[in-house]
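The next block holds one structure in the form of structure tokens; read it before the comments.
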Amino acid sequence: MSLSTLDLTKKLSLEEYDEKLQKYQLEVLRLQRKLYEKNVPLLLLFEGWDAAGKGGAIKRLTETLDPRGFQVHPFAAPTEIEKNHHYLWRFWQRLPQRGRIGVFDRSWYGRVLVERVEKFASPEECKRAYGEINQMEKMLTDDGYRILKFWLHISPGEQLKRFKEREESPLKKWKITEEDWRNREKWKDYEAAVDEMVEKTGTLFAPWHLIEAENKRYARVKVLKTIVKAFE
């Protein structure tokens, strides 16, 4: 599925949102308990455009969970120590234990996204990464892991609106950087990278779920609903 095929007009009213949010948060809480009882590790990967709402979706996912049973790991640029290891090394250190939930805010897919577009990795390294990632995810799922991957999608216009809102908000101004503005100029390059990533790494054992995130309420509920449906 291509990003261009997504219907970004989907939305939820506040009343619908409150009802469905509570419903699926309760279902995910029950799921957390079942994962613990059956000793199954769950790994949730979140990718998306800057300001697409990854943090908000993760907050609604985790705010009603037992804090002893999950960890959220945000990933930024690798440190100098991490650069001296294989690019997957730093993520491997943070995989969830059996019976626990691990949430990655950005992930190893940076190899075929930002590292590809910004040329931090060579074309050969990026091409090889698709197979490396698929092999690792297959190895994990063969060992009992469940993996769900989310891409939160918004339009360039909506991103611009959110960027400006962040600049004007004392509580959110820290979220916007010069790098965010610079990345907007390469939107088409990133869009092509995302489409290829989904095509080459969307597998039966570790599927991609493209989330229409133009409406934040809709996106948050769809993430929760997708997790619940995946385990039904």
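Summary table
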| quantity | calculated |
| --- | --- |
| Scope region 158-200; condition of a type in the set (Asp, Glu), modelled with pLDDT of 90 or more and more than 20 Å from the chain's Cα centre (by Cα); matching residues | Glu165, Glu167, Glu168, Glu185 |
| Any chance Tyr36 is over 25 Å from Ile176 (Cα atoms) and either more than 19 Å from the chain's Cα centre (by Cα) or in a loop (DSSP other than H, G, I, E, B) (or both) | yes |
| Whichever residue in region 46-66 is in contact with an Asp or Glu (Cβ under 9 Å, 6 or more places away or on another chain) and over 21 Å from Arg182 (Cβ atoms) and, among such residues, is surrounded by the most Cβ atoms within 10 Å (Cβ to Cβ) | Phe46 |
| Elements of type helices (runs of 4 or more DSSP H) contained in region 128-212, each with 1 or more residues being in contact (Cβ under 8 Å) with a residue 60 or more places away in the chain, in contact with a His (Cβ under 7 Å, 6 or more places away or on another chain) and on the phi > 0 side of the Ramachandran plot | none |
| Residue among Lys216, Lys188, Lys225 that is of a type in the set (D, E, K, R), buried (at least 19 other Cβ atoms within 10 Å of the Cβ) and closer than 24 Å to Tyr109 by Cα | Lys216 |
| Residues of region 67-99 satisfying the condition of being surrounded by 17 or more Cβ atoms within 10 Å (Cβ to Cβ), part of a helix (DSSP H, G or I) and of a type outside the set (D, E, K, R) | Gly69, Phe91 |
| Where Glu115 falls short, out of the listed (1) surrounded by 15 or more Cβ atoms within 10 Å (Cβ to Cβ); (2) without any contact (Cβ under 8 Å) to a residue 40 or more places away in the chain; (3) assigned to a loop (DSSP other than H, G, I, E, B) | (3) |
| Pair list, Cβ < 9 Å and 6+ apart or interchain, from region 76-101 residues that are over 24 Å from Asn134 (Cβ atoms) to residues that are in a loop (DSSP other than H, G, I, E, B) and of a type in the set (Lys, Arg) | Ala76/Arg106 |
| Residue within region 59-66 that is in a strand (DSSP E or B), within 19 Å of the chain's Cα centre (by Cα) and not charged (D, E, K, R) present | no |
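The values are calculated or read from the model by the stated rules, or taken from the named source; none is laboratory data. This is a predicted model, so every value here is computed, not measured. Here Cβ is always computed from backbone atoms with ideal geometry, including for glycine, and neighbour counts include all displayed protein chains.
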